Amino acid sequence: MKKKTTSFFIIFLAGALVGFNFFSLADFGLVAPVRAEYLADEILVKFKGVSQPVAIKIAQIADFEEILNYYENLPWVDYAEPNYTYRAAIIPSDTFFANQWYLQKIRATEAWNQVRESPNVVIAILDSGVQISHPDLKDNIWQNKKEIAGNGLDDDKNGFIDDFNGWDFVNNTADPSPKFQAGFNEDGINHGTIVAGIAAAAGNNATGVAGVSWKAQLMPLKVLDDQGEGGTAKVIKAIDYAIANGANIINLSFVGFGYSKSLDDAVKRAYDAGVIVVAAGGNEQGQSEGYNLDETPMYPVCLDGLSGENRVIGVAATDTIDQKAPFSSFGKKCIDIAAPGLSVYGTVVYAPTQYLNNQSFDKYYDGYWSGTSVAVPLVSAGLALIQAANPSLNRNQVVKALLDTVDSISGVNPDYPDKLGRGRINLAAAVSRAESALKNKNEKLLIGPQGASVGPLKITDQDGVVEKEFNPFGKFKGGFTLASGDINGDGQAEIVAAAGPGGGPHIRIFNLSGGLVGQFFAFKTNFRGGVKVATADVNRDGKDEIIVAAASGGDSEIKIFNGQGGFLGSFYAYDNKFKGGLNIATGDLDGDGEAEIITGLATGKIPEVRIFKAIGVLQGQFLAYPKAFRGGVAVAVANVKGGSRTNRAAIITAAGPGGGPHVKLFDAHGQLVGHWFAFNGNFRGGVNLAVADVDRDGLDEIVAAAGPGGAPHVRVFAANGRIIGSFYSYGESFTGGVNVGSIKVNNNVIASD
């Protein structure tokens, strides 16, 4: 292996130093440990006289061992055992994989047995440029699908012409690659390409190296020149570009000593948009131990919020035995996690016609690079794999999975107590944590009559199998609307039912056994227009609030209550002349961890959808159907695509009475992204909506129920309109319409009488 004797430092802002030193290291052998895993809700039982074992489902995961022992001891059973699972054991074919010792250290090879690609996750590489034609990177370079490359037009109207693969903010051009401009040096030319390859060089392609994520979308944004130097203004523009164009993660492998309020504000904008910012802790150029960031803060790594927000994931560098790398900065306030940052082998810029000191850039791969800069993309790509393992996680949950599963390195770093973050990244444990949360997630459907019936509230699976039913409003025949949420903060969702038209504005809260745990009136007791209901934790107190609106005959006030019926606030979706009804839904459309409130006008109004922050600030509005339609718009919010932002959701709409059973999917800006018919195109009774992740893949399915005049038909659809569940929720003669909802159920348990 080649030794490097020069030093590599990126200069940013006030002349601060970060980047790479060069060392050599012997190759490391890679052997992945074996772990026995099995399905938590199923066992295999071999009965005597039967040739094949039978898979038996377990209703309550907590009873796994008891049920397994029960079958093992039955005299007519040969044996009972867990239903073990197996994964393909992957050692990639990349030529220089043996040089990448750090992948074994962070347990990436084990993580790859669970998830090794994150194709829907966009990692913005703000750096000195990325060679987008590099053979190990070209298939993973982000593409702006709304832009037509090379036509000289700003097709997507985002202010950048031909930005098909990113942008060069140094030279104000669409090509984000290094330019070899006068004064360039080897370090400045290669830095961004090295960082990009560590994160997401194509894996198992018999070429070069393997990235932490074998497939991700790398968004190259050049903010440092070909000497590796850059200023605040360009970084701010690139951060805002990344936010606006759908980045999930922003990788900042540079630091500086000068605090910039403008940069601080840009990082806050990213945080508020649900983007994860990962930044280098910084290096000491000389022979000292690195900077103590508690005493000498550096930026952007230290740009966390004043109110305790963790806006930037700060990364320190460690060596082959988990000790702090000699050059790495440290500190309690700014460093969140450590990752290998010593002797990293990776992708470099190939340009054989370019020379520096009589040496051409004639290699696609080279090493060995060291610095906190190379530690950062290990973390950025690790976050991408966590998100891919469980697309239902929001920004904070992804970060929590990363930080809660680190390996402690305090024992080998006694001089740096609590100054190297939580510990060194353990990617296998983080991915397992994310996957476990997904496997334990279990959602059921809530079914209720829309009207003209005293039919019961039902809890069912996607095929309509009833697991519990009860009557929430006695003999009232006006139907009820449904929602669910963890109203009391005990970790288990409750059912919220609201009386339909003709009844008082009554809200009732039930546990899964059907036991009443709370009730209140949402409006004046003489109001009889019916109540629409949704839930969300809008004040971040760990409990879901209850959000209501008049279903008909009321004004446009959206009211927010706690679980005890305490009034928390309200706002008006329209002016004080409005009289009618609203459909409502909640969901985190922009991935910032806060739910928006979505309204759809009810029967008699134009088919308009509006998006509000919980404090009542209007975020957007659009027409879901032709303006002349007056049947009303049902609304729901679903995470249907694992989108371009962590937990970014889509707005689902369905036409009300008089319209066809047309279901549409819109992004947060009101752009149509999908549509289909839920039932026969001749049906005009309207469609009611809910969402539920019934197959536990982290993405929501869409539940559609027929309105009045049709059979009590419920269908469950994938986001592309494919039917994955269909049933009649009541007797075939029932034509009063069906309301639907969903509820998260812990451990597959629904209490019985």
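Remarks
- Enumeration of residues in region 652-672 that are assigned to a strand (DSSP E or B) and touching a residue at least 40 places away in the same chain (Cβ under 8 Å): ILE652, THR653, ALA654, ALA655, VAL663, LYS664, LEU665, PHE666
- Some residue of region 276-292 being open to solvent by 10 Å² or more (accessible area, probe 1.4 Å), closer than 30 Å to ILE141 by Cβ and part of a loop (DSSP other than H, G, I, E, B): no
- Residues of region 94-120 that are assigned to a loop (DSSP other than H, G, I, E, B) and open to solvent by 10 Å² or more (accessible area, probe 1.4 Å): THR95, PHE96, ARG107, ASN113, GLN114, VAL115, ARG116, GLU117, PRO119, ASN120.
- Residues of region 331-351 classified as open to solvent by 50 Å² or more (accessible area, probe 1.4 Å) and more than 28 Å from the chain's Cα centre (by Cα), total: 1
- Inspection of region 308-330 identifies at least one residue that is assigned to a loop (DSSP other than H, G, I, E, B), at pLDDT below 95, open to solvent by 10 Å² or more (accessible area, probe 1.4 Å) and among the charged types (D, E, K, R).
- Which numbered condition ILE61 fails, given (1) at pLDDT 75 or above; (2) touching a strand residue (DSSP E or B) at 6+ places or on another chain (Cβ under 9 Å); (3) open to solvent by less than 50 Å² (accessible area, probe 1.4 Å): (1)
- Test for VAL223: is it open to solvent by 10 Å² or more (accessible area, probe 1.4 Å) and touching a strand residue (DSSP E or B) at 6+ places or on another chain (Cβ under 8 Å): no
- Selection status of ASN165, assigned to a loop (DSSP other than H, G, I, E, B), touching a Pro at 6+ places or on another chain (Cβ under 6 Å) and of a type in the set (S, T, N, Q): no
- Counted residues, region 690-709 - those being open to solvent by less than 20 Å² (accessible area, probe 1.4 Å) and either modelled with pLDDT under 90 or part of a strand (DSSP E or B) (or both): 9
- Screening region 339-432 for strands (runs of 3 or more DSSP E) wholly inside it with 3 or more residues that are without any contact (Cβ under 8 Å) to a residue 40 or more places away in the chain and more than 22 Å from ALA199 (Cβ to Cβ) returns the ranges 351-356.
- Within region 651-689, considering residues that are under 23 Å from PHE612 (Cβ atoms) and among the polar types (S, T, N, Q), the one surrounded by the fewest Cβ atoms within 10 Å (Cβ to Cβ): GLN671
- Within region 498-533, being among the aliphatic types (A, V, I, L, M) and over 15 Å from PHE476 (Cβ atoms) holds for ILE509, LEU512, VAL517, ALA522, VAL533.
- All positions within region 539-553 that are farther than 18 Å from GLY479 by Cα and either in a strand (DSSP E or B) or touching a His at 6+ places or on another chain (Cβ under 6 Å) (or both): GLU545, ILE546, ILE547
- You will find that of THR232, THR193, the residue that is touching a residue at least 40 places away in the same chain (Cβ under 8 Å) and buried (at least 23 other Cβ atoms within 10 Å of the Cβ) is THR193 and no other.
- Within the set ARG715, ARG722, the sole residue that is out of contact with any helix residue (DSSP H, G or I) (no Cβ under 6 Å at 6 or more places or on another chain), more than 20 Å from LYS477 (Cβ to Cβ) and modelled with pLDDT of 95 or more turns out to be ARG715.
- Inspection of region 539-546 identifies at least one residue that is open to solvent by less than 20 Å² (accessible area, probe 1.4 Å), under 28 Å from the mean Cα position of the chain (by Cα) and not polar (S, T, N, Q).
- So ASP175, is it in a loop (DSSP other than H, G, I, E, B), at pLDDT 95 or above, more than 28 Å from the chain's Cα centre (by Cα) and farther than 23 Å from VAL278 by Cβ: yes
- Here ILE123, ILE141 are screened, and the one residue that is open to solvent by 10 Å² or more (accessible area, probe 1.4 Å), closer than 23 Å to GLY274 by Cα, modelled with pLDDT of 95 or more and aliphatic (A, V, I, L, M) is ILE141.
- Any hit, region 469-480, residues being within 30 Å of TYR38 (Cβ to Cβ) and surrounded by 21 or more Cβ atoms within 10 Å (Cβ to Cβ): no
- Among the residues making up region 238-264, those that are in a helix (DSSP H, G or I) and either buried (at least 24 other Cβ atoms within 10 Å of the Cβ) or without any contact (Cβ under 8 Å) to a residue 24 or more places away in the chain (or both) are ALA238, ILE239, ALA242, LYS261.
- Candidates GLY464, GLY474: the one that is touching a strand residue (DSSP E or B) at 6+ places or on another chain (Cβ under 7 Å), modelled with pLDDT under 95 and not in a strand (DSSP E or B) is GLY464.
- Scanning region 518-538 for residues that are outside any strand (DSSP E or B) and of a type in the set (Lys, Arg), we see that the one that is surrounded by the most Cβ atoms within 10 Å (Cβ to Cβ) is ARG528.
- Checking each residue in region 477-492 for being modelled with pLDDT under 95, among the small types (Gly, Ala, Ser) and within 24 Å of the chain's Cα centre (by Cα) picks out GLY489, GLY491.
The values are calculated or read from the model by the stated rules, or taken from the named source; none is laboratory data. Predicted model, so just to flag it, every value in this text is computed and none were measured. Cβ atoms come from the backbone with ideal geometry, glycine included; neighbour counts cover every protein chain shown. The protein model used for the area step is the full one, side chains on, heavy atoms only, and it has no ligands, DNA or RNA in it. Shrake-Rupley method; radii C 1.70, N 1.55, O 1.52, S 1.80 Å.
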